[in-house]
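Worksheet: one structure, shown below.
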Amino acid sequence: PRIRVAESYEAMSAAAAEAIARRLAARPSLRLALPTGHTPIGLYRRLVELTRQEGLRWDRARVFLLDEYLGLGPDDPGSFRRYMDEHLLRHLDPAPAVDALNGKAADPEVECARYEQVLAREGLDLVVLGIGRNGHIGFNEPGSPFQSRTRVVTLTADTRRANAPDFGGDPEAVPPRALTVGIATILDGKEIFVLAAGEAKAPAVERAIQGPLDPAVPASALQRHPKVTWFLDRDAARDLD
Ligand code: F6R
C-alpha cells in the first residue's frame, strides 16, 4: 500500500481531503463511500473548505455511507446519516445524491440486500475508511469473513465502549447491532483510503499493514487490494517499521 504519514491530525485531514478533491475534479460522477466517527471530522471540514475555494461541484457525484446502527434513522442524533448531514452534506451546495443503509427499515435483511445491489450497480470509485482499535473496517468486527457482503452484525463490547461518547457516555446506550457493508463489498471499490489518528490506533494499523491476513484483524484484508492509501498521523504510524 501507499502510506502517507502526516505531522499532525490537521495535516492528515488536509492530505486526505486534497486527494478526494482531486478524484472528484477528475471524475465529477465519482461514486464515493464514506465513514463516520471521530477521525474524519477534520477531513470533512477541510473538504468543505476546498469545495468553496476550488469551486468543486458535487451535483453529479454520489455518496454512500458505510454503515448505520440498527434501529436508528436520520432523525436520531446518534445516527450516522445525521452525522453525515451535519459534518459534510449540508455544507455542500448543490449536494451530491446520497444513499445509506436505513437502520429503521422494516426488514433489515432486505435493506442490506437492496444496498448491496445498488453498490454493485453503481460501482464504487473510492471507499474511504476509518479503522477501529480492534481492527474493524465499517462495522466488520474481528472474525468477519473476508468474503462478507452487506449484512446485519452484532457490535463487540469494545466498539460499543469506543462509541459510547456519542450516546451520553453509556456503552449500554449504544445500539447493540448495526447494518454494514461487507469486507468483500469494500474490496470491490476501485480505490481505498484509510484514515487513522492517535496512538490508540497504532497496534491495529501495524497489524493491518504488516501482520498476516487474518479475519481477527478485518483491516488486514486490505492487503488483498491493489490500490490502498493509508493516511496516518505520527501517533497512529508509531508501530510501523
Ligand atoms: C464508521 C465506521 C467505523 C469507524 C471506526 C473508527 O462509519 O465504519 O469503522 O471508522 O470505528 O472510528 P473513529 O474514527 O471514531 O475512531
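For this structure, a couple of remarks:
- Test for residue 152: is it in contact (Cβ under 8 Å) with a residue 12 or more places away in the chain and under 16 Å from the mean Cα position of the chain (by Cα): no
- Considering residues of the range 185-203 that are part of a helix (DSSP H, G or I) and small (Gly, Ala, Ser) only, the residue farthest from the ligand (Cβ to nearest atom): 202
- For the range 31-48, the count of residues that are of a type outside the set (Ser, Thr, Tyr), part of a loop (DSSP other than H, G, I, E, B), touching a helix residue (DSSP H, G or I) at 6+ places or on another chain (Cβ under 6 Å) and on the phi < 0 side of the Ramachandran plot is zero.
- Annotation note: Cβ proximity below 8 Å between a residue of the range 128-140 that is closer than 13 Å to residue 150 by Cα and among the polar types (S, T, N, Q) and a residue that is part of a loop (DSSP other than H, G, I, E, B) and more than 6 Å from the ligand (Cβ to nearest atom) (sequence gap 6+ or interchain) occurs for 140/148; 140/182.
- Of the strands (runs of 3 or more DSSP E) contained entirely in the range 87-184, not one carries at least 3 residues that are surrounded by fewer than 23 Cβ atoms within 10 Å (Cβ to Cβ) and of a type in the set (Phe, Trp, Tyr).
- Scanning the range 1-20 for residues that are crowded, with 18+ Cβ neighbours inside 10 Å and not in a helix (DSSP H, G or I) returns a single hit, 6.
A quick yes/no check of all residues on (1) more than 16 Å from the ligand (Cβ to nearest atom); (2) under 23 Å from residue 119 (Cα atoms); (3) modelled with pLDDT under 95; (4) of a type in the set (A, V, I, L, M):
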{"position": "38", "(1), (2), (3), (4)": "no, no, no, no"}
{"position": "45", "(1), (2), (3), (4)": "no, no, no, no"}
{"position": "49", "(1), (2), (3), (4)": "yes, no, no, no"}
{"position": "53", "(1), (2), (3), (4)": "yes, no, no, no"}
{"position": "61", "(1), (2), (3), (4)": "yes, yes, no, yes"}
{"position": "68", "(1), (2), (3), (4)": "no, yes, no, no"}
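- Checklist (1) basic (Lys, Arg); (2) part of a helix (DSSP H, G or I); (3) surrounded by fewer than 19 Cβ atoms within 10 Å (Cβ to Cβ) applied to residue 60, failing item: (2)
- Single residue of the range 193-235 satisfying the filter (surrounded by 21 or more Cβ atoms within 10 Å (Cβ to Cβ) and in contact with a Leu (Cβ under 6 Å, 6 or more places away or on another chain)) that is nearest to residue 141 (Cα to Cα): 220
- In the range 74-95, residue farthest from residue 32 (Cα to Cα) [restricted to those that are more than 16 Å from the ligand (Cβ to nearest atom) and free of Cβ contacts under 8 Å to residues at least 40 places away in the same chain]: 75
- Some residue of the range 36-54 being among the small types (Gly, Ala, Ser) and closer than 23 Å to residue 185 by Cα: yes
The values are calculated or read from the model by the stated rules, or taken from the named source; none is laboratory data. If you're wondering where the values come from, they're calculated on a predicted model, not measured in any experiment. Please note: Cβ atoms are built from the backbone with ideal geometry, for glycine as well, and neighbour counts cover all protein chains shown.
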